[in-house]
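The values are calculated or read from the model by the stated rules, or taken from the named source; none is laboratory data. Since we're looking at a predicted model, the values are computed, not measured. Here the Cβ is made from the backbone with ideal geometry for all residues, glycine too, and neighbour counts use every protein chain on show. Areas reflect the complete protein model, heavy atoms only, side chains present, ligands, DNA and RNA absent. Shrake-Rupley method; radii C 1.70, N 1.55, O 1.52, S 1.80 Å.
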Amino acid sequence: YTILSKVHSDRNVYPSAGVLFVHVLEREYFKGEFPPYPKPGEISNDPITFNTNLMGYPDRPGWLRYIQRTPYSDGVLYGSPTVENVGKPTVIEITAYNRRTFETARHNLIINIMSAEDFPLPYQAEFFIRNMNVEEMLASEVLGDFLGAVKNVWQPERLNAINITSALDRGGRVPLPINDMKEGVYVMVGADVPFSSCLREVENPQNQLRCSQEMEPVITCDKKFRTQFHIDWCKISLVDNTKQVSTFQEVIRGEGILPDGGEYKPPSDTLKSRDYYSDFLVTLAVPSAIALVLFLILAYVMCCRREGVEKRNMQTPDIQLVHHSAIQKSTKELRDMSKNREIAWPLSTLPVFHPVTGEIVPPLHTDSYDNTSTPLMQTQ
């Protein structure tokens, strides 16, 4: 069902069109091409990342995907080749980066896509597994267990894994880092016999009603998957290519394969140079000139057209100016007099009784104090 191989220089692989292709980029192989660890006797565990691209192009083909979770895990190339790519050798450049020494190693992977006689399989079902990530599902033993469970439920003569897509590539959200939550993965399989009664139980009105209410549908064969795979039966998609009609599909989704836009054609080297002087004048010179004119007008209004204090005094009556000046002088004299007051407060303004105990408070001045010159109340 899958093609697993180690990385070698100029390695040739022969996947079939319409069948899941998996190629593992093992870090252990590239460790031998990088210098040893600086301390002798220590095990080298350098962080290694991979970059994959189609030879002569910056990215991979539309049907081919790549994933590597951390620099300490293996990289995986996976995807489902299309019929349009049959007979066209696809050369993938694999570049390994050692994040400790910043050295690189490059290998080529030649993918020769073969045609499959039994492709396309007429009956295709896509399952959404909630408790798996895509790199976990790409492992041969895990994918084999899932296909074995599907085969027990479906009972086909031929069963192939067509494609695997991460839920994040279908618009899913990144899961929270709690309780070991997974992002989920879509697995599409194809068979040569019609769907079993267990798979068609999703089409029951009761189960469709439960799905619309965000409840788990009742599926009799769910226990055959539940021990290892938690399937969201509300998102299962059953496609019968013999009728070209989807028997049950809640949301129409793509197969995770980008459309083929043809070969990349770079621009010609004989392009004429373009003069950007006129664009410069329009975008910078013209707005700058307008801003300068507005600044000059504002400066003339604010500086050259100012009336001033002299013109204001000329238009003000003399009596009003005299009154204003007299008020300012009187205010200044009163403030100076208030600052120079040093006489004591009169006895009439002092407290007679203690505010807490109520006892009679003796006067602050002695009996010989002459208070005849002290007014009873302070005046200006």
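A few notes on this one:
- R158 open to solvent by 10 Å² or more (accessible area, probe 1.4 Å), among the basic types (K, R) and closer than 19 Å to T242 by Cβ: yes
- The set of residues from the range 104-143 being farther than 30 Å from E216 by Cβ, at pLDDT below 90 and hydrophobic (A, V, I, L, M, F, W, C) comprises A105, I113, M114, A116, F119.
- Qualifying residue in the range 236-245 (condition: within 30 Å of V153 (Cβ to Cβ), within 37 Å of the chain's Cα centre (by Cα), modelled with pLDDT under 85 and not charged (D, E, K, R)): yes
- Only a single item in (1) surrounded by 14 or more Cβ atoms within 10 Å (Cβ to Cβ); (2) within 15 Å of L25 (Cα to Cα); (3) over 25 Å from the mean Cα position of the chain (by Cα) is not met by R106, and it is number (1).
- Scanning the range 133-155 for residues that are among the β-branched types (V, I, T) and within 20 Å of H23 (Cα to Cα), we see that the one that is least open to solvent (accessible area, probe 1.4 Å) is V134.
- Given (1) in contact with an Asp or Glu (Cβ under 8 Å, 6 or more places away or on another chain); (2) crowded, with 20+ Cβ neighbours inside 10 Å; (3) of a type in the set (V, I, T), index of the condition I48 fails: (1)
- Total residues in the range 302-335, condition open to solvent by less than 80 Å² (accessible area, probe 1.4 Å) and modelled with pLDDT under 85: 5
- Against the numbered list (1) closer than 25 Å to E141 by Cα; (2) at pLDDT 85 or above; (3) not in a helix (DSSP H, G or I), V218 comes up short only at (1).
- Where F146 falls short, out of the listed (1) modelled with pLDDT of 90 or more; (2) out of contact with any strand residue (DSSP E or B) (no Cβ under 6 Å at 6 or more places or on another chain); (3) over 23 Å from C221 (Cβ atoms): (3)
- The range 149-167 residues that are on the phi > 0 side of the Ramachandran plot, paired with ones that are acidic (D, E) and open to solvent by less than 10 Å² (accessible area, probe 1.4 Å) (beta carbon under 9 Å, 6 or more apart): none
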